[in-house]
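Asker: Right, I'll just put the structure down here and ask away after.
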Amino acid sequence: MRLRAVVIVLRKNGYFHTGQAIVYRSYDGFAGFPFQRVPAVRRGNGWGVALVLRPSQADQDFGVPVLFLEADEIEVIQKALDKSDELTHQLLGRGWGGRRPYWRLEDFV
């Protein structure tokens with residue numbers, strides 16, 4: 001697989017609102033999703049990071065989909081995750097615990 005884009009997507013009220021997605025970084029001109037919204041399996045509201053991929057020759061060579069990431073792509077993904085945390089905090093008006101906890105000082109005041 002090749003990384004086409006890193007996109008920040010809103011999940012709210014049981015749907016991913018793909019029409020409101022933020023294309024954080026496009027590597028091949030990806031401009032957005034073809035649908036305005038799609039059902040979300042996971043509950044809760046917040047912003048998440050999606051990696052948009054496309055097939056590559058390596059997938060055929062390995063016999064399974066594979067993704068080789070470069071250091072700058074990992075950095076972009078990390079920055080997009082940080083931005084999605086900020087946007088989720090704005091949406092919820094609070095921090096959260098869990099696998100990727102996020103708190104601001106004002107959450108404790």
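Asker: Considering segment 52-91 alone, what residues qualify as being surrounded by 10 or more Cβ atoms within 10 Å (Cβ to Cβ), within 18 Å of the chain's Cα centre (by Cα) and not hydrophobic (A, V, I, L, M, F, W, C)?
Answerer: Matches in segment 52-91: Arg54, Glu73, Glu75, Gln78, Lys79, Asp82, Lys83, Ser84, Asp85, Glu86, Thr88, His89.
Asker: Going through Gln60, Gln90, Gln36 one at a time, which residue ends up being under 22 Å from Leu3 (Cβ atoms) and free of Cβ contacts under 8 Å to residues at least 40 places away in the same chain?
Answerer: Gln60
Asker: Select, from Tyr24, Tyr15, the only residue that is at pLDDT 95 or above and touching a helix residue (DSSP H, G or I) at 6+ places or on another chain (Cβ under 7 Å).
Answerer: Only one candidate qualifies: Tyr24.
Asker: Further question: Among the numbered criteria (1) hydrophobic (A, V, I, L, M, F, W, C); (2) touching a residue at least 40 places away in the same chain (Cβ under 8 Å); (3) in a loop (DSSP other than H, G, I, E, B), which one does Ala31 miss?
Answerer: Unmet for Ala31, out of (1) hydrophobic (A, V, I, L, M, F, W, C); (2) touching a residue at least 40 places away in the same chain (Cβ under 8 Å); (3) in a loop (DSSP other than H, G, I, E, B): (2).
Asker: I've got another one for you. State all residues of segment 67-97 that are farther than 19 Å from Val23 by Cα, in contact with a strand residue (DSSP E or B) (Cβ under 8 Å, 6 or more places away or on another chain) and of a type in the set (A, V, I, L, M); if no residue qualifies, say none.
Answerer: Correct list: Leu67, Leu92.
Asker: Quick check on Arg43: is it surrounded by 15 or more Cβ atoms within 10 Å (Cβ to Cβ) and either of a type in the set (Lys, Arg) or out of contact with any strand residue (DSSP E or B) (no Cβ under 9 Å at 6 or more places or on another chain) (or both)? Let's see the steps before the verdict.
Answerer: Details: surrounded by 15 or more Cβ atoms within 10 Å (Cβ to Cβ): no; either of a type in the set (Lys, Arg) or out of contact with any strand residue (DSSP E or B) (no Cβ under 9 Å at 6 or more places or on another chain) (or both): yes.
So Arg43 fails the test.
Asker: What residue, among those in segment 20-37 that are surrounded by fewer than 14 Cβ atoms within 10 Å (Cβ to Cβ) and not acidic (Asp, Glu), is farthest from Trp96 (Cα to Cα)?
Answerer: Here the residue is Gly29.
Asker: So how many residues does segment 48-90 have that are part of a helix (DSSP H, G or I), over 14 Å from Tyr102 (Cα atoms) and of a type in the set (Val, Ile, Thr)?
Answerer: Residues meeting the conditions: 3.
Asker: May I ask you to list the residues in segment 52-66 that are touching a Lys or Arg at 6+ places or on another chain (Cβ under 8 Å) and aliphatic (A, V, I, L, M)? If you could, list the steps in order and put the result at the bottom.
Answerer: First, the residues of segment 52-66 that are touching a Lys or Arg at 6+ places or on another chain (Cβ under 8 Å): 52-56.
Across segment 52-66, the qualifying residues are Val52, Leu53.
The values are calculated or read from the model by the stated rules, or taken from the named source; none is laboratory data. The structure displayed is predicted, hence computed values, not measured ones. In this analysis, Cβ positions are derived from the backbone assuming ideal geometry, glycine residues included, and neighbour counts consider all displayed protein chains.
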